[in-house]
Amino acid sequence: MLEGKDILNTAQFSLQELDLIINTAATFEKQVKDGAIIRNMKGQVIALLFFEPSTRTCLSFEAAANRLGARVITVVNPDSSSMAKGESLADTIRTIDGYADVIVMRHPMKGAAQIAADNAKYPFINAGDGTGQHPTQALLDLYTIRKEKGVLGGHTVTFVGDLKNGRTVHSLGYLMALYGNKMIFVSPKDLRMPEEITADLRSRGAEIEETDDLKKALSVSDIIYVTRIQKERFENPVEYEKLKGLYIINRALIDQAKKGITILHPLPRVDEISTDVDDYEGAAYFRQAHNGLYVRMALLALVTGRV
Ligand code: NCD
């Protein structure tokens, strides 16, 4: 179903494809935990191009490739590639496409993923394109919700933080809408979810509420998805200083929230979740990061037809 396909954004998925990704990830999780030697992608080469900082996405893709028995080639610093000499993204991708069976790329420009995919014959995976989308993160968020909550639909999900610049919330919004979840968007006025996304989600039948009242949202939410204010997207550092720290999740706030609330965060966190929340049992953000390994194994194996 996904063989030969690009992974560009979350609006592209059908429920059947999402089922397949989740079930494949679960199979790999079991195999890894059982200590199995997995060699589905033996003989294959995966190109990892990370033109923006990354810890989890880059390393979990590399770990996923290793655990599948594939080899990895990497560019993590654009200054070390010929893009520093003025080569276009299209030409860079056309070249690397001749070396690898699948290309994974993170890039600072929204829309870069589409350009890359258009120039790659082999499957291309978007690992984050500027303020655009981050579909593999949303898929691991989905996998985490299934593990933490048992079901994917019928929840009230609050998104808080930088909804304007945060690509993870742009991506997860589509998946939450598809499964019939209610969404509450909490942000400072200047960092609201882009109107085009809210309108698109509503046209797909999503129920959305926008507010700046975090406490009230928490009292009715089953899941809260916390995000970092995206400092690197601000032209004016004074604006960033004004907005950071406006919404901080601490233990006192969680103790007043709806019972059993699950706390997610794509990480890295700066100060938007206090460390006193970490031992709350519904604090799932590190489990979420670990799940990235299995979901990325599933994606690599599925797009290359090596499941
Ligand atoms: C996110 C990203 O890069 O968009 N990080 C990640 O991949 N887990 C979130 C962020 O940087 O705030």
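The values are calculated or read from the model by the stated rules, or taken from the named source; none is laboratory data. These numbers come from a predicted model, not from an experiment. All Cβ positions, glycine included, derive from the backbone under ideal geometry; neighbour counts span all protein chains shown. Side chains included, ligands, DNA and RNA excluded: accessible areas come from the protein's heavy atoms. Shrake-Rupley method; radii C 1.70, N 1.55, O 1.52, S 1.80 Å.
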Q: Within segment 145-173, count every residue that is in a helix (DSSP H, G or I), away from the ligand (no atom under 13 Å from the Cβ) and open to solvent by 20 Å² or more (accessible area, probe 1.4 Å).
A: 4
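Where residues in segment 235-256 are free of Cβ contacts under 8 Å to residues at least 40 places away in the same chain and within 16 Å of the ligand (Cβ to nearest atom), which of them is surrounded by the most Cβ atoms within 10 Å (Cβ to Cβ)?
244
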(Q) Out of the residues in segment 207-234 meeting the condition of being among the basic types (Lys, Arg) and within 26 Å of residue 277 (Cα to Cα), tell me which one is most open to solvent (accessible area, probe 1.4 Å). (A) 216
Q | Selected residue (criterion: farthest from residue 249 (Cα to Cα)) from residues of segment 267-305 that are among the aromatic types (Phe, Trp, Tyr) and part of a helix (DSSP H, G or I) | A | 294
Q: Scan 49, 59, 15, 20 and give me the residue that is open to solvent by less than 30 Å² (accessible area, probe 1.4 Å) and among the hydrophobic types (A, V, I, L, M, F, W, C).
A: 49
Q) Does any residue of segment 257-271 turn out to be of a type in the set (S, T, N, Q), open to solvent by 40 Å² or more (accessible area, probe 1.4 Å) and away from the ligand (no atom under 16 Å from the Cβ)? A) no
Q: Starting from segment 54-68, keep only residues that are more than 13 Å from residue 44 (Cβ to Cβ), then list their pairs with residues that are basic (Lys, Arg) and within 14 Å of the ligand (Cβ to nearest atom) whose Cβ atoms are within a distance under 6 Å, requiring at least 6 positions of separation or different chains.
A: 54/106; 60/296; 61/296
**Q.** strands (runs of 3 or more DSSP E) completely within segment 68-142 that count 3 or more residues being charged (D, E, K, R) and open to solvent by 70 Å² or more (accessible area, probe 1.4 Å)
**A.** none
Q) Restricting to segment 281-298, what's the tally of residues that are open to solvent by 10 Å² or more (accessible area, probe 1.4 Å), within 15 Å of the ligand (Cβ to nearest atom) and closer than 20 Å to residue 227 by Cα? A) 4
